[in-house]
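I have placed the structure first, in the form of structure tokens, so that the comments after it can refer back to it.
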Amino acid sequence: MRFAIIENKLIPSHCLATPVSTLPISSYENLQAKPFNPSFSPNKELPRILTGKQLLIDDLPFTIAEIQEHYENGYVLYRKGLEINGKLTICYRCGNNDPRMFAIFPCARCHEECTYCRSCIMMGRISACTPLISWTGPDFKTNLFDSPLVWTGTLSEGQQTASQRVVSAVKNNEDLLVWAVCGAGKTEVLFAGINEALSAGKRVCIATPRTDVVLELAPRLKAVFPEIPVASLYGGSEDRHLYAPLTISTTHQLLRFYKAFDTVILDEVDAFPYSVDKTLQYAVKQARKPHSSMIYLTATPHEKWQKECRLGKRNFVTIPARYHRHPLPVPEFVWCGSWKKHLKKNRLPDHVLRWIEKRLHSKKQSLLFVPQIELMEKILPLLQKLHPDIQSVHAEDPERKKKVQAMRNKEIPLLLTTTILERGVTFPNIDVAVLGAEDRIFTESALVQIAGRVGRSADFPNGAITFFHYGKTKAMVKARNQIVWMNIEARKMGLIDG
Ligand SMILES: [Zn+2]
Ligand SMILES: [Zn+2]
């Protein structure tokens, strides 16, 4: 799109009565909202769709002329999608400033060689001539809710403490890290804080890297906040234009939001590889209001954050024990030599073989994690000789859901898996082993999560977690230390029995 500036006003070329010179929006400086005209009557649909968002013209079911009218009356703001300053280019939607992540194409909209951002292209192309459109009029109004939480469950002592801290962070617009061990029951810890926010007319977002989690959380939150409209956002979801006091979103979809939320709850901060972390941080920063609270949830904060917690530089609370008051199972390290060499001869190391046979014999279900799909394919036939019902699963496996269900139904004695099952799944009574725990894919956080699969159910709070390795890594040691430390904390706080 090309714009002219007439009387300090941006005017899209489509809306110009007479031809004047125009430029892509990235060529203009100091773009500001026009003075608010209180006598203008806006389209009622626009604030519902645009409040707290930054959208492209293609995302909006309105004509350019209509948007322009709202801009001229101070209800809509145009921002540049890209800032191009000599050699430096920044994408204002995703924060990308890596020169390799921009490309040039012959653009049909501005009729120039136009630069675009490759990093957020999956949300629709942002180029040098693309305006980001936001709402500056009065916010869309929803009903006020007086204590909408309907929940009769009880919190464990550890959950209770964390829940109070969340409420206070929400009230005072503070940042808080909730460091809760796997199986602590972190969702319930949020209920009181979300209730506090909604009762105060605040807008809340729960963001998570994974669509699975959005799909799992949405019905749980709808059940405890039955009066509250809830929007679930993920690639291809239908709630895209729904204005909701409570939004559950993948972190990716946050790129469409701008100064929207009073409270952002970021789930599984550790599930992000460091490289995407920057985009995520940018997206979250854009999506929250300047004056807002931020709750980070994780079972395994990365090293920098752990250090900040120890040094008292970060506001945090731990839930070091599970709801059922049993300690976390601590990983056992077993050296198994060059297991890859064994595999080349179509054999498994003796230790591993004995571990598996013992479980098959006693009919205890187990998970065996391996670092790569290729290795898994090599191991599967060896294991199927021991038991024909043994199965394997990985991220792209079309039968993934079916196999996880079969495991739940106890039709599979041992499930061989990549890190895909490291989080989010619960099987009540299992032992877990990692083969090749020294592999780089098994980070500290991945190993803590894997260990966290064991002993989750109150009926079966114990279980074995074994790391088979060919040389201990720092990640393995740190993961074990973290678990041991949590158990010590939990004992100190009186959160575990025995
Ligand atoms: Zn263009
Ligand atoms: Zn971008």
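The values are calculated or read from the model by the stated rules, or taken from the named source; none is laboratory data. Because the structure is predicted, anything quoted here is derived from the model rather than measured. Neighbour counts are summed over all protein chains in view; Cβ atoms, including those assigned to glycine, are modelled from backbone coordinates with ideal geometry.
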(request) Would you be able to say whether some residue in the stretch 309-321 is exposed (fewer than 13 other Cβ atoms within 10 Å of the Cβ), closer than 30 Å to ARG256 by Cβ and not aromatic (Phe, Trp, Tyr)? (result) no
(message) Between LEU10, LEU31, LEU77, LEU46, which is in a loop (DSSP other than H, G, I, E, B) and not assigned by TED's automatic domain parsing to the domain that holds LEU233?
(response) LEU31
(message) For the stretch 223-249, give me each residue that is crowded, with 20+ Cβ neighbours inside 10 Å and of a type in the set (S, T, N, Q).
(response) SER232, THR247, SER249
(request) Tell me which of these GLN449 doesn't satisfy, since it passes every other one: (1) assigned to a helix (DSSP H, G or I); (2) surrounded by fewer than 20 Cβ atoms within 10 Å (Cβ to Cβ). (result) (2)
(request) Determine, yes or no, whether SER119 is in a loop (DSSP other than H, G, I, E, B), more than 8 Å from ligand 1 (Cβ to nearest atom), modelled with pLDDT of 90 or more and of a type in the set (Ser, Thr, Tyr). (result) yes
(message) With the structure loaded, tell me whether VAL204 is away from ligand 2 (no atom under 16 Å from the Cβ), touching a residue at least 60 places away in the same chain (Cβ under 8 Å), over 30 Å from LEU31 (Cα atoms) and touching a strand residue (DSSP E or B) at 6+ places or on another chain (Cβ under 9 Å) or whether it fails that test.
(response) no
(request) Please give the helices (runs of 4 or more DSSP H) falling wholly within the stretch 247-366 in which 1 or more residues are in the same structural domain as GLU188 (by TED's automatic domain parsing), of a type in the set (Gly, Ala, Ser) and farther than 30 Å from THR466 by Cβ. (result) 274-287
(request) Please identify the pairs in which a residue from the stretch 225-254 that is closer than 13 Å to THR211 by Cβ has its Cβ atom under 7 Å from the Cβ atom of a residue that is aromatic (Phe, Trp, Tyr) and part of a loop (DSSP other than H, G, I, E, B), counting only partners at least 6 apart or on another chain. (result) THR250/TYR234; GLN253/TYR234
(message) Just to be sure I understand, how many residues within the stretch 88-125 are within 27 Å of ASN73 (Cα to Cα) and more than 23 Å from the chain's Cα centre (by Cα)?
(response) 2
(message) Criterion first (in contact (Cβ under 8 Å) with a residue 24 or more places away in the chain, within 16 Å of ligand 2 (Cβ to nearest atom) and among the small types (Gly, Ala, Ser)) does GLY124 satisfy it?
(response) yes
(request) Scan (1) part of a loop (DSSP other than H, G, I, E, B); (2) over 21 Å from GLN286 (Cα atoms); (3) out of contact with any Phe, Trp or Tyr (no Cβ under 7 Å at 6 or more places or on another chain) for the single condition PRO148 breaks and write down its number. (result) (3)
(request) From ALA184, ALA200, grab the single residue that is under 24 Å from the mean Cα position of the chain (by Cα) and assigned by TED's automatic domain parsing to the domain that holds PHE225. (result) ALA184
(request) Scan the stretch 76-115 for residues that are away from ligand 1 (no atom under 12 Å from the Cβ), of a type in the set (Phe, Trp, Tyr) and either closer than 21 Å to HIS14 by Cβ or exposed (fewer than 14 other Cβ atoms within 10 Å of the Cβ) (or both) and report the count. (result) 1
(request) Please find, within the stretch 81-116, the residue that is modelled with the lowest pLDDT out of those that are over 21 Å from GLN281 (Cβ atoms) and of a type in the set (D, E, K, R). (result) LYS87
